[in-house]
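The values are calculated or read from the model by the stated rules, or taken from the named source; none is laboratory data. The shown structure was predicted, so the numbers you read here are calculated from the model rather than taken from an experiment. We place every Cβ from the backbone using ideal geometry, glycine too, and count neighbours over all the protein chains shown. Surface areas here come from the heavy atoms of the whole protein model, side chains and all, with no ligands, DNA or RNA. Shrake-Rupley method; radii C 1.70, N 1.55, O 1.52, S 1.80 Å.
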Amino acid sequence: MATTKYLRTATGFLMVLTEGDDLFAELSALAVAENLPSASLTGFGFAGSVTFGFFDFAKRDYDPGTFTDREMTGIVGTLAWKEGKPSLHAHGVGGGKDFSVVGGHLLALTVGKGSLEITLTVHQQRLERKEEASIGANILRLAAS
Amino acid sequence: MATTKYLRTATGFLMVLTEGDDLFAELSALAVAENLPSASLTGFGFAGSVTFGFFDFAKRDYDPGTFTDREMTGIVGTLAWKEGKPSLHAHGVGGGKDFSVVGGHLLALTVGKGSLEITLTVHQQRLERKEEASIGANILRLAAS
Amino acid sequence: MATTKYLRTATGFLMVLTEGDDLFAELSALAVAENLPSASLTGFGFAGSVTFGFFDFAKRDYDPGTFTDREMTGIVGTLAWKEGKPSLHAHGVGGGKDFSVVGGHLLALTVGKGSLEITLTVHQQRLERKEEASIGANILRLAAS
């Protein structure tokens, strides 16, 4: 398996992950290594395991659900920073053997047999997520506040 | 909540909407304010209410369906012009509390608790949608006709 | 119907397909005509017929499923080369009349009444897909190997 997991492109990066790779860890590693200010991303590929969450505003936390062997048919997200660390916010949908689809906020994803391809469009502004106290959820901030 | 709803990036704009914002109104406002020639977009986030439509070619109109509290797991669209006004064409899918997913042509979307993040890639050509008389649906035109 | 199916943009191409167009054939034609090194893409629109596949690693082939009249709510993919020919890898989801959604790896798609809009972000590196012998699936290579 290639050791190069991503390539710099004219507009950002193209990342190809393979079996066993952790999407959140790999994107965080790229953000740190490349000192990425912020980015938008799309992705697709095969997840050996994917955990979605649905936010419970009463608990101020996500109720998780884990699914195995899913063709991720669309991941959309942004990569920014929170308290000095990379902060990925992404949602996704995944189809199963019968082509039925589940999806939601991505909490975790490990690549399965095959690959996961992610395209990042880099923005030059360093952006931060901050918790919105009134709802307990993180919000991407476009301006210093 | 910040009053700045979008940021100019190297390739277009990054927009962050919050509770109560109307996706169609906000993208139209951006198109007018920035004199946007045309753009492609992706988005994700939380919809308090989202209305999908499925086109009925006999009626030449969309049959609507409205859903509440959906994690929008992928919005894909283009922003152009029709008869002098901004014209958004977008499709989307949204996951529910049980991670089941619904989707279709977007007719309306109001952001729920949390946020909706939209990434626009701007094109320099001013593009128009025109109704295709034979089917009653709007088609994006790439050339003057 | 316009004969121009795509437009060069600042970051790549915008393609608009109409009824009867074959997504795979049209993207391959663009790759050849424009000598496209590689590209990432997103798309949405109406499919008259779409065939998804779910990879069976025992058979080393996809089990197919075909659906008609689907609002494609999100196509995400990459366009590269394999053995001198354009190689499209894309996944997608499609909503039906009742807004239920199916999806998976795209094996074929013919545009239905209406249109299908595809946005390509071009990368300057010529990229190749190669079969990963251990799993029988094609993997996008980021470096010569």
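Things to note:
- Residue in the stretch C:45-57 that is over 16 Å from C:His89 (Cβ atoms), touching a helix residue (DSSP H, G or I) at 6+ places or on another chain (Cβ under 9 Å) and among the hydrophobic types (A, V, I, L, M, F, W, C) present: yes
- Whichever residue in the stretch A:55-66 is over 23 Å from A:Lys85 (Cβ atoms) and surrounded by fewer than 17 Cβ atoms within 10 Å (Cβ to Cβ) and, among such residues, is nearest to the other protein chains (Cβ to nearest Cβ): A:Phe57
- Members of the stretch C:75-96 found to be in contact with a His (Cβ under 7 Å, 6 or more places away or on another chain) and either of a type in the set (D, E, K, R) or touching a residue at least 24 places away in the same chain (Cβ under 8 Å) (or both), listed by number: C:Val76, C:Gly77, C:Thr78
- Residue check for A:Ser115: free of Cβ contacts under 8 Å to residues at least 60 places away in the same chain and either under 19 Å from A:Ile75 (Cα atoms) or out of contact with any helix residue (DSSP H, G or I) (no Cβ under 6 Å at 6 or more places or on another chain) (or both): no
- Residue in the stretch C:2-12 that is among the aromatic types (Phe, Trp, Tyr) and either touching a helix residue (DSSP H, G or I) at 6+ places or on another chain (Cβ under 9 Å) or closer than 22 Å to B:Val93 by Cα (or both) present: yes
Residues checked against (1) under 30 Å from C:Thr11 (Cα atoms); (2) open to solvent by 20 Å² or more (accessible area, probe 1.4 Å):
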{"residue": "A:Thr11", "(1), (2)": "yes, yes"}
{"residue": "A:Thr68", "(1), (2)": "no, yes"}
{"residue": "A:Gly74", "(1), (2)": "yes, no"}
{"residue": "A:His89", "(1), (2)": "yes, yes"}
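- The stretch C:17-40: number of residues that are open to solvent by 10 Å² or more (accessible area, probe 1.4 Å) and either outside any strand (DSSP E or B) or of a type in the set (A, V, I, L, M) (or both): 13
- Within the stretch C:53-89, being within 25 Å of C:Leu142 (Cα to Cα), of a type in the set (S, T, N, Q) and touching a Phe, Trp or Tyr at 6+ places or on another chain (Cβ under 7 Å) holds for one residue alone: C:Ser87.
- Being more than 7 Å from every other protein chain (Cβ to nearest Cβ) and either modelled with pLDDT of 95 or more or in contact with a Ser or Thr (Cβ under 8 Å, 6 or more places away or on another chain) (or both) is a description that applies to B:Asp69.
- Subset of the stretch A:125-140 [of a type outside the set (Ser, Thr, Tyr) and open to solvent by 50 Å² or more (accessible area, probe 1.4 Å)]: A:Gln125, A:Arg126, A:Glu128, A:Lys130, A:Glu131, A:Ala133, A:Asn138
- Yes/no for C:Val122 being open to solvent by 10 Å² or more (accessible area, probe 1.4 Å), within 14 Å of chain B (Cβ to nearest Cβ), under 17 Å from C:Ser28 (Cβ atoms) and out of contact with any His (no Cβ under 8 Å at 6 or more places or on another chain): yes
- Restricting attention to the stretch C:93-119, the residues that are within 10 Å of chain B (Cβ to nearest Cβ) and either modelled with pLDDT of 95 or more or open to solvent by 20 Å² or more (accessible area, probe 1.4 Å) (or both) add up to 17.
- Test: residue in the stretch A:43-54 that is closer than 20 Å to C:Thr121 by Cα, more than 11 Å from chain B (Cβ to nearest Cβ) and crowded, with 19+ Cβ neighbours inside 10 Å: yes
- Residue within the stretch B:17-36 that is within 14 Å of chain C (Cβ to nearest Cβ) and among the polar types (S, T, N, Q) present: no
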